[in-house]
1. If I filter segment 122-168 down to residues being part of a helix (DSSP H, G or I) and under 13 Å from the mean Cα position of the chain (by Cα), which single residue comes out as farthest from Glu10 (Cα to Cα)?
2. Under 7 Å between Cβ atoms, which residue pairs at least 6 apart in sequence (or on different chains) link something in segment 188-208 that is farther than 13 Å from Phe40 by Cα with a partner that is β-branched (Val, Ile, Thr) and part of a helix (DSSP H, G or I)?
3. When you go through Val45, Val37 one by one, which is the residue that is touching a residue at least 60 places away in the same chain (Cβ under 8 Å), assigned to a strand (DSSP E or B) and in contact with an Asp or Glu (Cβ under 7 Å, 6 or more places away or on another chain)?
4. So which pairs qualify, if the first residue must be in segment 110-124 and outside the structural domain of Gly85 (by TED's automatic domain parsing) and surrounded by 15 or more Cβ atoms within 10 Å (Cβ to Cβ), the second must be in a loop (DSSP other than H, G, I, E, B) and of a type in the set (A, V, I, L, M, F, W, C), the Cβ gap must be under 7 Å, and the two must be at least 6 apart or on different chains?
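The values are calculated or read from the model by the stated rules, or taken from the named source; none is laboratory data. The shown structure was predicted, so the numbers you read here are calculated from the model rather than taken from an experiment. Backbone-built Cβ (ideal geometry, glycine too); neighbour counts: all protein chains shown.
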Amino acid sequence: MSERLRRVLEDAARGMPPAPDGVVEVWPAPEGPVDAVLAFTAHHVVAAAVDPGLVAARLPPGDLSAPVGAAFLGWLGGRLDSRPGSLDVVLAAEGLGGTPPLELTPAVGLDRHQRVARSLRYRDDLQVWTAPEGAGVLVLGRGLAGRREVAFEVDPARRNRGLGRLLVAAARQLTPPGEILFAQVAPGNAASLRVVAAAGFRPIGAEVLFHRGGAGPT
């Protein structure tokens, strides 16, 4: 099931999203630590161990926003014994390979860094780098359905100087050419959305994750 889910995400990233048919599909839970609700244009996928009939009964016919609405997500969280995480915009870009546009140092001992700690809960095969003088942190790992994901953070004192864009651009060059790299950004985080878009990422949909540890994102 993870392979099928990853294929849908990668197809959407390559300009072939699911048909905008108003359908809500219910798929078995993917491998890994999370369940998910994925939202594409007029098409949704609920990837979780939940009965499709119960899902259909909770969604008003024709309401295209209901699968990512508070009422449904709260109900689904109760069924999964988890809390829904944030509703994030999902963006994607192809890896480029090559040399990153700034010097990065492989990081050790950053497990307590907020960005790294969250990644450890949601991603496998983590790789962490720091920018010069510790001005920023870049994280790559395997997240939902084994897709390659990027996360980054810039020290507050170093923001608004273009470092975020360089970190995200570096992530594309640390990703093999042609492989899809995904980023998740909260809709209200306009600064990060601009940074990720400037590095060549395009929005493909939205998602809410449910961590099977019983708690939502930190």
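1. Tyr122
2. Val195/Val168; Val196/Val168; Ala199/Val168
3. The conditions single out Val37.
4. So the pair list comes out as Val116/Leu110.
Per-residue answers, yes or no, for (1) surrounded by 15 or more Cβ atoms within 10 Å (Cβ to Cβ); (2) closer than 13 Å to Val208 by Cβ; (3) free of Cβ contacts under 8 Å to residues at least 40 places away in the same chain:
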{"position": "Ser2", "(1), (2), (3)": "yes, no, no"}
{"position": "Arg6", "(1), (2), (3)": "yes, no, no"}
{"position": "Leu9", "(1), (2), (3)": "yes, no, no"}
{"position": "Pro18", "(1), (2), (3)": "yes, no, yes"}
{"position": "Asp51", "(1), (2), (3)": "no, no, yes"}
{"position": "Pro84", "(1), (2), (3)": "yes, yes, no"}
